[in-house]
Amino acid sequence: MRSNLAVLMALAFAVAAFAQAPANRNANGIGYFSLQVPNPAAMTIDGSDADWAWFDPTYVITMDQFRSEQDAPMPDPSDMDITAKLAWSAAPDNMWYMFVKVHDDTLDIESTDVGNPWADDCINYGYDVTDHGKQGGQPSDRAYYQPYVVKHTAFLTTKEIMIPSRYASTEADWVSFCHWPYAEAAVATNPPQAAQYPIWTSDTGVDIFYELRQAVFSWRSPDGPAASTRSVLSAGMFMPFLLNVEDGDGPWRFDATIRSAEATAAGYFAGVTLLGLGDYQSPTAVEASTWGRIKNLFGN
Ligand SMILES: [Ca+2]
Ligand SMILES: [Ca+2]
Ligand SMILES: [Ca+2]
């Protein structure tokens, strides 16, 4: 009995020691970058990236930097193809920005239940500023580990465009973090009429555009944003961050994610480094930057 207890205690210590983010947490093996928004007042959350022309294309997250959350083969680009831009703004705006373009053969937004977006096309993203991790999945963990969902509202009975990912069980606690002045989001499609149908498809498919900005909190209070600890975003900051893009059509649901298999298993997010204006706007960096150069600069 005593030896069994010793074994259990050793296992408990091992589990405790393992309750930290894996060293390899990124699907691209390197990490991701968020660029400082030069002029937050010029950004409009409308599903158009006309206001993102300043974004250095070197840092666009492309499909080869995602993996399948279910370790399935990656889809053909005609089935799903993703580009994502991550950005942040300095105080006083102090917001996280994201623009995700998804090319998809079929737009599926048929579910009417706001709390069940998972069978449809949507994005699932989140912040974990303190790198707390999912831990035991306790409700209290969600004060730190903060996933959200954005989905087109055309067919939702309750038209919430952004929700906490456990909307049904945490509705009262986290919904206010999804509303202005703390967050706003937009979803648009090309062609626009695709979103008039629960399920829409064509020979050439559809582009879906997700755009958002959101205040980031290192700790969320159940009493709402005003009682929570807001992060002050700054150049050089490391942000544990998740982006999953969900494809609801086909024989089974597909999740493309930026986190590694190890991070998925351990319940941690990928890693994003915040670059200031001077970090990515210098002429030499813009002219000759490639993923190889970035890897040399930041990955080792
Ligand atoms: Ca816009
Ligand atoms: Ca598809
Ligand atoms: Ca789809």
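All of the numbers you see were taken from the coordinates with simple rules; none came from a lab. Quantities reported herein were computed from a predicted structural model and do not represent experimental measurements. When we count neighbours, we look across all protein chains shown, and the Cβ atoms used for this are built from the backbone with ideal geometry, even at glycine.
Can you confirm whether Asp207 is part of a strand (DSSP E or B) and surrounded by fewer than 21 Cβ atoms within 10 Å (Cβ to Cβ)? It is true that Asp207 is part of a strand (DSSP E or B) and surrounded by fewer than 21 Cβ atoms within 10 Å (Cβ to Cβ). Of the candidates Asp128, Asp79, the single residue that is acidic (Asp, Glu) and in contact with a Leu (Cβ under 8 Å, 6 or more places away or on another chain) is Asp128.
Yes or no: Ser260 surrounded by fewer than 23 Cβ atoms within 10 Å (Cβ to Cβ) and under 14 Å from Gly29 (Cα atoms)? Yes: the conditions hold for Ser260.
Table: residues versus (1) under 30 Å from Ser228 (Cα atoms); (2) within 16 Å of ligand 3 (Cβ to nearest atom).
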{"position": "Ser48", "(1), (2)": "no, no"}
{"position": "Phe55", "(1), (2)": "no, no"}
{"position": "Asp93", "(1), (2)": "yes, no"}
{"position": "Val100", "(1), (2)": "yes, yes"}
{"position": "Asp108", "(1), (2)": "no, yes"}
{"position": "Ile123", "(1), (2)": "yes, yes"}
{"position": "His132", "(1), (2)": "yes, no"}
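When the test is whether a residue is in contact (Cβ under 8 Å) with a residue 24 or more places away in the chain, of a type in the set (Asp, Glu) and either touching a strand residue (DSSP E or B) at 6+ places or on another chain (Cβ under 7 Å) or closer than 17 Å to Val187 by Cα (or both), Asp113 does not pass it. Within region 43-59, the residues that satisfy the criterion of being in a helix (DSSP H, G or I), farther than 24 Å from Lys151 by Cα and either free of Cβ contacts under 8 Å to residues at least 40 places away in the same chain or under 18 Å from the mean Cα position of the chain (by Cα) (or both) are Pro57, Tyr59. Looking at region 109-155, which of its residues are surrounded by fewer than 17 Cβ atoms within 10 Å (Cβ to Cβ) and aromatic (Phe, Trp, Tyr)? Trp118, the sole residue that qualifies.
So, in region 68-112, of the ones that are within 16 Å of ligand 1 (Cβ to nearest atom) and among the charged types (D, E, K, R), which residue ends up nearest to Gly205 (Cα to Cα)? That would be Lys101.
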